[in-house]
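Notes for the one structure printed next.
The values are calculated or read from the model by the stated rules, or taken from the named source; none is laboratory data. Please read all numbers here as calculations on a predicted model, not as lab measurements. Glycine also receives a Cβ, built like all others from the backbone with ideal geometry; neighbour counts cover every protein chain displayed. Surface accessibility is based on the protein's heavy atoms, side chains included, excluding ligands, DNA and RNA. Shrake-Rupley method; radii C 1.70, N 1.55, O 1.52, S 1.80 Å.
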Amino acid sequence: MTATRLSPDLWIAAGFDALLEQGPAGLKAEPLARRLRTTKGSFYWHFKDVPAFHAAMLSQWERQALTDVETALSGDTTPAQKLRHLSQIATNGESLSGMSLEPAIRAWAHDNAAVAEAVARVDHLRLTQLNAELAENGLSNPELARILYAANLGMAELSRRDGSVNDGALGTLVDLILALYD
């Protein structure tokens, strides 16, 4: 066992790794303690129980999703570039809401109401911002945001399976939409 005191953030990071490798079944105190080579007591030092740990994981994922949206919209870029960045949000890297974690979180949401609620909040945020950026580009059809977002989520799943980066493909979809409505 380890003599180093583990922080809540280390436990949460181990939880995300376990979710990616084992699915929700790996998100229990004992398997996580084994992963970190420590005791369950360390887990319960930081978290009241497993649901509290899950809530902390989801809170961190939601905060990162918000940060990713803010990052996509920041900088001196054109409305079309912002739309492009925002349309790639679930596939653009290895952040907590990056391409490998997004499908795992969504799979977890199928059997967990709290996770499904967190996913719904993130989806709402992202779709709202996509609609705003589409409007900034002179497009008001709300179906376009859903199409872009669905393509983004599907690309995240493809990336998880084949390791390909799909930013170019999503950028091409944005370009096609902008050209069609130009």
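Values as computed for the structure displayed
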item: Residue among Leu66, Leu19 that is outside any loop (DSSP other than H, G, I, E, B), open to solvent by 50 Å² or more (accessible area, probe 1.4 Å) and not acidic (Asp, Glu); result: Leu66
item: Every residue from region 83-92 that is farther than 11 Å from Ala156 by Cβ and modelled with pLDDT under 90; result: Arg84, His85, Leu86, Ser87
item: Any hit, region 170-181, residues being assigned to a helix (DSSP H, G or I), out of contact with any His (no Cβ under 6 Å at 6 or more places or on another chain) and over 19 Å from Ala80 (Cβ atoms); result: no
item: Matching residues in region 22-53 - criterion: being touching a Phe, Trp or Tyr at 6+ places or on another chain (Cβ under 9 Å) and either at positive phi or open to solvent by less than 40 Å² (accessible area, probe 1.4 Å) (or both); result: Gly23, Leu27, Ala29, Leu32, Ala33, Ser42, Phe43, Phe47, Val50, Phe53
item: Criterion: more than 19 Å from Asp123 (Cα to Cα), open to solvent by less than 50 Å² (accessible area, probe 1.4 Å) and under 24 Å from the mean Cα position of the chain (by Cα) - qualifying residue of Gly171, Gly163, Gly154; result: Gly171
item: Tally of residues being surrounded by fewer than 14 Cβ atoms within 10 Å (Cβ to Cβ) and of a type in the set (Val, Ile, Thr) across region 126-151; result: 1
item: Pick from region 97-125, criterion of a type in the set (S, T, N, Q) and either modelled with pLDDT under 95 or more than 30 Å from Ala52 (Cα to Cα) (or both), ranking: surrounded by the fewest Cβ atoms within 10 Å (Cβ to Cβ); result: Ser100
item: Residue list for region 28-83, filter: touching a residue at least 60 places away in the same chain (Cβ under 8 Å) and either under 30 Å from Leu130 (Cβ atoms) or among the polar types (S, T, N, Q) (or both); result: His54, Leu58, Trp61, Glu62, Ala65, Val69, Leu73, Ala80, Leu83
item: Residues of region 1-16 that turn out to be hydrophobic (A, V, I, L, M, F, W, C), without any contact (Cβ under 8 Å) to a residue 60 or more places away in the chain and surrounded by 14 or more Cβ atoms within 10 Å (Cβ to Cβ), as a count; result: 6
